[in-house]
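The values are calculated or read from the model by the stated rules, or taken from the named source; none is laboratory data. On a predicted model such as this, the values are computed, not experimentally measured, just so you know. Cβ atoms come from the backbone with ideal geometry, glycine included; neighbour counts cover every protein chain shown.
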Amino acid sequence: MKKFGKLLAATALMSATVMGSAYAKTLVYCSEGSPEGFDVAPYTAGTTFDASSKPLYNRLVEFKRGTSQVIPGLAESWEVSEDGLEYTFNLRKGVKFHTTSFFTPSRDFNADDVLFSFDRQRNADHPWYEYVPGISWEYFNGMSMPDLISDIVKVDDYTVKFILTRPEAPMVANLAMDFASIVSAEYADQLTASGTQEMLNQEPVGTGPFSFVAYQKDAVIRYAAHGDYWGGKQPIDDLVFAITTDAAVRGQKLKAGECHIAPYPNPADIEGLKADSNLVMMEQQGLNVGYLAYNTQVAPFDNAKVRKALNMAINKQAILDAVFQGAGSAAKNPIPPTMWSYNDAIVDDAYDPAASKAMLEAEGVSGLEMEVWAMPVQRPYNPNARRMAELIQADFAEVGVNVQIVSYEWGEYLARSKELDRKGAVLLGWTGDNGDPDNFLAVLLGCDGVGGSNRAQWCNEEFDALTLKAKTVSDAAERTKLYEEAQVVFKREAPWATIAHSTVFMPMSKKVKGYVMDPLGGHWFDGVDLDQ
Amino acid sequence: MFKFIISKLAMIVPTFFGITIVAFGFVRVLPGDPILALAGERGVKPERYQELLVQFGFDKPIWEQYFTYLVNLFQGDFGTSIATKRPVLDEFLTLFPATIELALCAIIFAVLLGIPAGIISAVKRGSWFDQTTMGIALAGYSMPIFWWGLLLIIFFSGTLGWTPVSGRISLLYYFPQVTGFMLIDSFLSGQQGAFKSAFMHLILPTIVLGTIPLAVIARQTRSAMLEVLGEDYVRTARAKGLGQMQVIGVHALRNALIPVITTIGLQVGVLLAGAILTETIFSWPGIGKWMVDSIFRRDYPSVQGGLVLIALIVMVVNLTVDVLYGFINPRIRHQ
């Protein structure tokens, strides 16, 4: 009976919402998949972040729309101590959490919410550390936060201090990342009191530009503009995610006017979508890199000249044409051109099979047999690894290197490619998390990553010293210089063949105004309007 | 009859245990690792990997994991999804009505078209109708579902604009789920146009999912009818001077339906398998799509829970068909 009453109330409320919003501006986004949940921090997938952290939450600092530049968010300002170990954040006052059918906040956002949001991730004794069975904080752990953060202190209601174990220049950028979204401690208390902690992941409450209305699993997510948003009310009234997993179907829905924006079009559909007079196609170079990593600890790939010679044998243009179908650009550095500190002065290894062959012979390499690993999945930085491996196989054959292509199931691939004695070279890539060069250079090529995320197993003292120093320096110009030098060392030593940076396409209805593509690959709808 | 039902039920018990073993073993034989799948390119440190192994219970011997799984299963606990952290049974029950609704519509579509087509083909054996229908049925049977679905979308939704591209109802309509069946819920909501929208959204997925069962039922009906039409009692009925409709409808069809009903029962498994692709094409939020996602994520509890639940449903449907068959054909229940 109680359930029936609740149902009636919900029906009345929803009918009122629908009737009241008969002329509401509703933006429909055909998303590519279902979110795993609505609490951001336990997850690592972009699809989940698009549906949770972007519309619903804020962070202490944010990335400025369309850039990877860090700007104030829930913290109005911050100071870094001389020794780089203490970050003090001055919190914004008057920030309201969402008022929804399941929660009415009695207070504004304050330091308790910040402490709650981070303590639950770093403190195993925290009552919310494992609030549903199996929950874990993989992004927080993956970014080495437990080792980096020594303590988080509430100075007063609107001041919070992060104390670090070592100086870390990318710290502020890290706090703009999705896992650092701020959740309501008051809402958490309400859920604890009612014994329904799991609802934090199903009925979320944040301070973001949109509030959560309803989720029909695997079908539709509904949001409403947050009327009391500290950044001002949004131009649209409602936001709807229509979950459409198939790219061809997303394209059809866009053409039929069933959605306004649809991400990740099929490469083959791009021309057709561009030709549709009701649509516009935005494009941007992705913050990513696709590469072939040699195992620099195994002969003959421990010789930089051999690696360099092989790089000269790869016809990148053919790969761009066949694999990226024009939706990519050749990579010469391990970071994409849109990232600050990109060293444009570096000259790429020219495609020259004859010179490559001569170099290999000069190094005494003949009749070389090697493996090239092809990823079994499609990724933004490599839409078809098998095809790419075949092209590289043909290129290497021209210089007398016999390639055997191997592949494993994705999890196996990631695990086995870390092995120090791995045979051959692996195709892999990376999409940036926070727009900081450290997130590429140190993570993928630092000595700490050997046996892990450094698939080239490459530990170069000169390179490592440069990136480690850049981590401790807070002056942007000095950091830029250090990273530029690191790229010179990288190019000279050639632990990878840098293949390509992909272009990201975003088709949308002409009615959509003010959409800005995110270089970090997310999808944001704050500030977006619709022509009625 | 009671004995017959009990004997059928008794067969279900070992089958159920067999299925739990297969479901439990199947996901573990698949290459891949749920923890690595969870971590993605960013990877996971070895010590963290160990922690997670313990947390998920994967550090225990395989027999112990199976035993725990079985004990939990009998307490109605199908485990918690690694990806969504929600109980597997909750997820399944949330999505199941969508699949049932689609499967029911597909089977109704297949039966309503398949049986008459089969009858007419048998009666007019060798005619242009028979040859065309059976040709189409063969094509329908061999049609790749994914291609067929996309083709219908491009033609009916894209070019003609008659049907919506995907989903269960227009996004304009918004009401709470009461039964989970969109046709019923949209009707109950009282919102103008909601029922029509739900119906229009069902048309293409129903055709796509119903195509193979339609082909099978039409062919089965035709061959069963042909067999029956040659029987002595049909000849006798005709000799008695009964009308064509009476001979076919009363004497022939009732006997020909027996194998057809078995075929319809067997199609339930086919429908659930076909639903995986159909749901993916039409963004239909049912269990098929959920299973595919779970397999990709190596979400052990969801995959094994889903397999056991689907198998249970297929077993129950087959049991029902067997019982029904017993009612129709007394020879079976007395065997």
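Is it fair to say B:Ala137 is touching a Lys or Arg at 6+ places or on another chain (Cβ under 6 Å) and in a helix (DSSP H, G or I)? Before the answer, list the steps.
Working: touching a Lys or Arg at 6+ places or on another chain (Cβ under 6 Å): yes; in a helix (DSSP H, G or I): yes.
In short, yes.
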Q.
With the requirement that a residue be in a loop (DSSP other than H, G, I, E, B) and surrounded by fewer than 17 Cβ atoms within 10 Å (Cβ to Cβ), what does segment A:408-431 give you?
A. A:Glu419, A:Leu420, A:Asp421, A:Lys423
Q. Taking segment A:376-398 as the search range and keeping residues that are in contact with a strand residue (DSSP E or B) (Cβ under 6 Å, 6 or more places away or on another chain) and part of a loop (DSSP other than H, G, I, E, B), which one is nearest to A:Ala293 (Cα to Cα)?
A. A:Tyr381
Q. Does segment A:222-242 contain any residue that is touching a Cys at 6+ places or on another chain (Cβ under 8 Å) and farther than 30 Å from A:Phe109 by Cβ?
A. yes
Q: List the number of the failed condition for A:Ala24; all other conditions in (1) touching a strand residue (DSSP E or B) at 6+ places or on another chain (Cβ under 8 Å); (2) not in a loop (DSSP other than H, G, I, E, B) hold.
A: (2)
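Going by the structure shown, is A:Ser502 farther than 30 Å from A:Glu82 by Cβ and either aromatic (Phe, Trp, Tyr) or modelled with pLDDT under 95 (or both)? Quick ask: steps written out before the conclusion?
Numbers: farther than 30 Å from A:Glu82 by Cβ: yes; either aromatic (Phe, Trp, Tyr) or modelled with pLDDT under 95 (or both): yes.
Yes: the conditions hold for A:Ser502.
Can we say A:Leu428 is of a type in the set (A, V, I, L, M, F, W, C) and modelled with pLDDT under 90?
no
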Q. From the list A:Ser150, A:Ser144, which one is within 25 Å of B:Tyr49 (Cβ to Cβ) and within 14 Å of chain B (Cβ to nearest Cβ)?
A. A:Ser144
**Q.** Those residues of segment A:71-115 which are in contact with a strand residue (DSSP E or B) (Cβ under 7 Å, 6 or more places away or on another chain) and without any contact (Cβ under 8 Å) to a residue 12 or more places away in the chain, in sequence order
**A.** A:Ile71, A:Glu79
Q. Going through segment B:141-182 one residue at a time, which ones are away from every other protein chain (no Cβ under 11 Å), under 23 Å from B:Gln267 (Cα atoms) and in contact (Cβ under 8 Å) with a residue 60 or more places away in the chain?
A. B:Tyr141, B:Met143, B:Ile145, B:Trp148, B:Phe181
Q. Restricting the first residue to segment A:145-165 and requiring it to be within 18 Å of A:Phe179 (Cα to Cα) and free of Cβ contacts under 8 Å to residues at least 12 places away in the same chain, which pairs with a second residue that is buried (at least 18 other Cβ atoms within 10 Å of the Cβ) and of a type in the set (A, V, I, L, M) meet a Cβ separation below 6 Å and a spacing of at least six or different chains?
A. none
Q. Residue check: is A:Lys255 more than 25 Å from the chain's Cα centre (by Cα), at negative phi and facing chain B (nearest Cβ under 10 Å)?
A. yes
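Can you tell me which residues in segment A:126-162 are charged (D, E, K, R), at pLDDT below 90 and surrounded by 14 or more Cβ atoms within 10 Å (Cβ to Cβ)?
Within segment A:126-162, the first condition is being charged (D, E, K, R), and the residues that meet it are A:130, A:138, A:147, A:151, A:154, A:156-157, A:161.
Remaining after also requiring at pLDDT below 90: A:130, A:138, A:147.
Within segment A:126-162, A:Glu130, A:Glu138 meet the criteria.
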Q: Tell me, please, whether a residue that is at pLDDT below 90, at the interface with chain B (Cβ under 10 Å from one of its Cβ atoms) and more than 28 Å from A:Pro167 (Cα to Cα) can be found in segment A:20-29.
A: yes
Q | Candidate set: segment B:259-313, residues that are more than 10 Å from every other protein chain (Cβ to nearest Cβ) and polar (S, T, N, Q); chosen: the one farthest from A:Ser34 (Cα to Cα) | A | B:Thr262
Q) Is at least one residue of segment A:214-224 of a type in the set (S, T, N, Q), in a strand (DSSP E or B) and more than 12 Å from every other protein chain (Cβ to nearest Cβ)? A) no
**Q.** Out of A:Gln190, A:Gln234, sole residue that is away from chain B (no Cβ under 13 Å), assigned to a loop (DSSP other than H, G, I, E, B) and surrounded by 17 or more Cβ atoms within 10 Å (Cβ to Cβ)
**A.** A:Gln234
Q) How many residues are within 14 Å of A:Phe109 (Cα to Cα), in a loop (DSSP other than H, G, I, E, B) and in contact with a helix residue (DSSP H, G or I) (Cβ under 9 Å, 6 or more places away or on another chain) when one looks only at segment A:73-84? A) 1
(Q) Among the residues of segment A:47-66, what is the count of those that are surrounded by fewer than 22 Cβ atoms within 10 Å (Cβ to Cβ) and within 14 Å of chain B (Cβ to nearest Cβ)? (A) 1
Q: Among the strands (runs of 3 or more DSSP E) lying completely within segment A:85-164, list those that include at least 3 residues that are within 20 Å of A:Gly206 (Cα to Cα).
A: A:86-91
Q. For A:Ile135, all conditions in the list (1) β-branched (Val, Ile, Thr); (2) under 18 Å from A:Asp113 (Cβ atoms); (3) facing chain B (nearest Cβ under 10 Å) hold save one; what is the number of the exception?
A. (2)
Q: Filter segment B:57-81 for residues that are in a helix (DSSP H, G or I) and surrounded by 13 or more Cβ atoms within 10 Å (Cβ to Cβ) and give the result.
A: B:Gln65, B:Tyr66, B:Thr68, B:Tyr69, B:Leu70, B:Asn72, B:Leu73
Q.
Tell me whether segment A:383-400 contains one or more residues that are closer than 24 Å to A:Gln487 by Cα, buried (at least 23 other Cβ atoms within 10 Å of the Cβ), touching a Phe, Trp or Tyr at 6+ places or on another chain (Cβ under 9 Å) and not charged (D, E, K, R).
A. no
(Q) Within segment B:269-284, does at least one residue satisfy the condition of being in a helix (DSSP H, G or I), modelled with pLDDT of 85 or more and farther than 30 Å from B:Ser142 by Cα? (A) no
